[in-house]
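So the structure is just underneath, and the comments pick up after that.
The values are calculated or read from the model by the stated rules, or taken from the named source; none is laboratory data. On a predicted model such as this, the values are computed, not experimentally measured, just so you know. Cβ placement follows ideal geometry from the backbone for every residue including glycine, while neighbour counts extend to all protein chains displayed.
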Amino acid sequence: MSKKDKAHLNLVVIGHVDHGKSTMTGRLLYETGAVDERTYQANKAEAERLGRPSWAWAFALDRLKEERERGLTIDIAFFKFLTDKYYYTIIDAPGHKDFIKNMITGASQADVGMLVVSAKKGEFEAGVGPGGQTKEHAYLAMTLGVPSLIVCVNKMDDVKYSEERYKEVKDEVGGFLKSIGYKIDQIPFIPTSALDAANLKVLTPKLTPWYKGPCLLEALDQVVLPPKPTEKPLRVPINDVYSIKGVGTVPVGRVETGIMKPGMKITFMPADKTGEVKTIEMHHEELSQAVPGDNIGFNVRGVERKDLGRGDVAGPADKPPTVAIDFTGQVMVIQHPTAITVGYTPVVHAHTAQVACRFDEILQKIDQRSGQVIQEKPDFVKKGESMVAKLVPLKPMVIESYKEFPQLGRFAVRDMGLTVAVGIVTKVTPR
Ligand code: GDP
């Protein structure tokens, strides 16, 4: 099967610093043939010259990261690998500055998260302890809506492939994933060693005779895609609107839920304009219907270009998108020089909309690592903390509950050029 016939998935690699993300990813790219032997040999020679032979694998990734940070064009084939069924792209890691923004806006939504957890004594404990990123990244993946997770219990060579240690790591991480809402019976926990290539491309029963699950490549191949939400009401956040001679008004956007067909009556919110879909196009081809995931341009009669703009959302005339008077959400503060208090008014980015919103009430402070309520009605919430808050848009804005419309129910809070917080919407008060 060629690349073209395979479904495409975005993979994000997460986990605590030094737990082996780069090494594992480099090795995976090599094992699947995405990094050629010559490049690997060059990296190996360089690593040996530095007296750190194990770094050879990570070098592939380091070069990539560095070039990406510097904004250089890089060989895109480098981040891609194939399994039997899928064609994977490795996307930004959480440390990358645009990661959260890209995830929120759907520019690079991850379908699968690979959580790398070191089993090494002390390292595992640091990753799940205070300030550890193992739980924080897992929670972020949940909040940002990464549907599938694979856990690599890594550096098993360092603990002599001990089943007992594996179980300890699995129980703790699994318990946490369950507490934040992941279905852990669907998550593979693979004992790996990026250095020994244990259970990566093939199972290595000599090292882990006690392990009966899939190897990493199999697990990546066995990912089950969530069904396309075609049953839900149509939602198409608008990216751009054109007026084309001889055609008319053509909004462009991505179908998030539902189905669009010619002849349908649709309403744009908050513009509150209704028209009829005449034709739908994707990649210059006319479609008889558009489904979730399709990036379309559609000709709509009865609505003028000047009435619409980026941030509007199209939906069925009888089930139009929700315009919020206010909305309540779970918000995690990623970076803020001081703290968030009631009255704070940053810009909220949700789907294609950007609207100033005021923090109207801070209802609860939540422990970011466990999801437990730690304080009712706190005065402020700092970096690294989470809250339940009510926000009021200062201009009409479409926002939906995360549960019903995941892509329209999560948001980034931006201020001073930074993403200061991210959130998911739990409740909307409609206009
Ligand atoms: P990252 O920060 O998560 O990307 O971690 P790196 O991939 O840079 O790895 C951090 C250190 O752990 C490096 O010195 C690696 O050589 C080492 N390392 C990575 N994977 C393994 C493994 O499976 N076993 C052992 N023993 N060391 C590993």
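Do the conditions hold for GLY246, that is, is it surrounded by fewer than 22 Cβ atoms within 10 Å (Cβ to Cβ), under 30 Å from ALA138 (Cα atoms) and at pLDDT below 95?
Details: surrounded by fewer than 22 Cβ atoms within 10 Å (Cβ to Cβ): yes; under 30 Å from ALA138 (Cα atoms): no; at pLDDT below 95: yes.
So GLY246 fails the test.
Would you point out which residue out of LEU234, LEU216, LEU220, LEU225 is under 21 Å from the mean Cα position of the chain (by Cα), modelled with pLDDT of 95 or more, more than 16 Å from the ligand (Cβ to nearest atom) and of a type outside the set (Phe, Trp, Tyr)?
LEU220
Counting only residues that are in contact with a Leu (Cβ under 9 Å, 6 or more places away or on another chain) and in contact (Cβ under 8 Å) with a residue 24 or more places away in the chain, give me the strands (runs of 3 or more DSSP E) lying completely in the stretch 340-431 with at least 2 of them.
Qualifying strands (runs of 3 or more DSSP E): 347-350, 353-366, 386-393, 410-415, 418-430.
I need the full set of residues from the stretch 394-404 which are surrounded by fewer than 22 Cβ atoms within 10 Å (Cβ to Cβ) and at pLDDT 95 or above, in order please.
Passing the criteria: LEU394, LYS395, PRO396, SER401.
Evaluate the stretch 52-67: report whether one residue or more is within 14 Å of the ligand (Cβ to nearest atom), modelled with pLDDT of 85 or more and assigned by TED's automatic domain parsing to the domain that holds VAL153. Please lay out each step first, then the result.
The first filter runs over the stretch 52-67 and keeps only residues within 14 Å of the ligand (Cβ to nearest atom), leaving 52-66.
The next check asks that each one be modelled with pLDDT of 85 or more; those that pass are none.
Within the stretch 52-67, none of the residues are within 14 Å of the ligand (Cβ to nearest atom), modelled with pLDDT of 85 or more and assigned by TED's automatic domain parsing to the domain that holds VAL153.
Only one residue in GLY132, GLY145, GLY122, GLY181 is at pLDDT below 95 and within 13 Å of the ligand (Cβ to nearest atom). Which one?
Among GLY132, GLY145, GLY122, GLY181, only GLY132 is at pLDDT below 95 and within 13 Å of the ligand (Cβ to nearest atom).
Which of the residues spanning the stretch 1-40 are touching a helix residue (DSSP H, G or I) at 6+ places or on another chain (Cβ under 9 Å), away from the ligand (no atom under 16 Å from the Cβ) and more than 30 Å from VAL128 (Cα to Cα)?
If the condition is that a residue be touching a helix residue (DSSP H, G or I) at 6+ places or on another chain (Cβ under 9 Å), away from the ligand (no atom under 16 Å from the Cβ) and more than 30 Å from VAL128 (Cα to Cα), then THR32, ALA34, ASP36, GLU37, THR39 are the ones that fit.
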